[in-house]
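The values are calculated or read from the model by the stated rules, or taken from the named source; none is laboratory data. Because the structure is predicted, anything quoted here is derived from the model rather than measured. Here the Cβ is made from the backbone with ideal geometry for all residues, glycine too, and neighbour counts use every protein chain on show.
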């Protein structure tokens, strides 16, 4: 219980619903001036399950947990795989476009309810798409009545063909491990093997199309749409990780 309070805050109530062998809690907190509620299991193994929605949509968060708990026990017979999308053939929340869920495995398995198009974007571009969206807007998936978060047309190869990336020429022989959107409004792709003085010579870089680099930057497609200066994707032992510098 202390771990849940540390993660979600001290303001909570007990839910009447149970999730298999686990009881339920609802934590209320404020994110970017907006009140949200997180439905959380208490006693679910091997990790607790959680889902955050706008405060008025606690019922939707509880419904998502019921689906997640049932699938974990009856079909998966174990924990939800990190980033695996489950897409239903029809909406799972009445009156909404929500048709899928995906889990992000941390200390708690945090579930996000997605529309069909959102689910396809995450499935096609890896969990990095979800992480980038949440880093830019922590409430990106908190409103179950929303329209699609991503415009798939804006993510198409045709749309990204006009996006140029200043690319280190070391990428001819080394893998790309960093993608940045600089303050001067340009994307820069690096191998992370460049010496300090490498950046002094513009001839060390060449302009490549974003679509040309995508096979080497798996999960970066959504990064190229509506970027913010200072955003970075860097390849680590955990995969591509988003940050702002």
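Kindly evaluate residue 95 against the criterion of being within 19 Å of residue 142 (Cα to Cα) and free of Cβ contacts under 8 Å to residues at least 24 places away in the same chain. No; evaluated as a whole, the condition is false for this residue. Within the range 1-32, the set of residues being exposed (fewer than 11 other Cβ atoms within 10 Å of the Cβ) and closer than 18 Å to residue 107 by Cβ comprises 1, 2, 3, 6, 10. For residue 105, the conditions (1) surrounded by 19 or more Cβ atoms within 10 Å (Cβ to Cβ); (2) within 19 Å of residue 49 (Cβ to Cβ); (3) in contact (Cβ under 8 Å) with a residue 40 or more places away in the chain all hold with the exception of (1). Per this entry, residue 131 is counted among residues that are outside the structural domain of residue 232 (by TED's automatic domain parsing), touching a strand residue (DSSP E or B) at 6+ places or on another chain (Cβ under 6 Å) and part of a helix (DSSP H, G or I). Restricted to the range 191-205, and to residues there that are outside any helix (DSSP H, G or I) and touching a strand residue (DSSP E or B) at 6+ places or on another chain (Cβ under 8 Å), the residue that is farthest from residue 236 (Cα to Cα) is 205. List the strands (runs of 3 or more DSSP E) that sit entirely inside the range 75-115 and contain at least 2 residues that are at pLDDT 95 or above, in the same structural domain as residue 62 (by TED's automatic domain parsing) and under 24 Å from residue 7 (Cα atoms). Fully inside the range 75-115 and qualifying: 98-105, 109-115. When the range 227-245 is limited to residues that are part of a loop (DSSP other than H, G, I, E, B) and touching a residue at least 12 places away in the same chain (Cβ under 8 Å), the one that is nearest to residue 160 (Cα to Cα) turns out to be 227. Just so you know, in the range 193-220 the residues that are in contact with a helix residue (DSSP H, G or I) (Cβ under 8 Å, 6 or more places away or on another chain) and more than 16 Å from residue 170 (Cα to Cα) include one that is surrounded by the fewest Cβ atoms within 10 Å (Cβ to Cβ), and it is 218. Selection of the range 206-226 for residues being in a strand (DSSP E or B) and within 24 Å of residue 120 (Cα to Cα) yields only 209. Could you please find all residues in the range 156-176 being assigned to a helix (DSSP H, G or I) and surrounded by fewer than 18 Cβ atoms within 10 Å (Cβ to Cβ)? Selection gives 157, 158, 159, 169, 172.
Is there a residue in the range 177-192 that is touching a helix residue (DSSP H, G or I) at 6+ places or on another chain (Cβ under 6 Å), crowded, with 16+ Cβ neighbours inside 10 Å and closer than 21 Å to residue 149 by Cβ? No, that holds for no residue.
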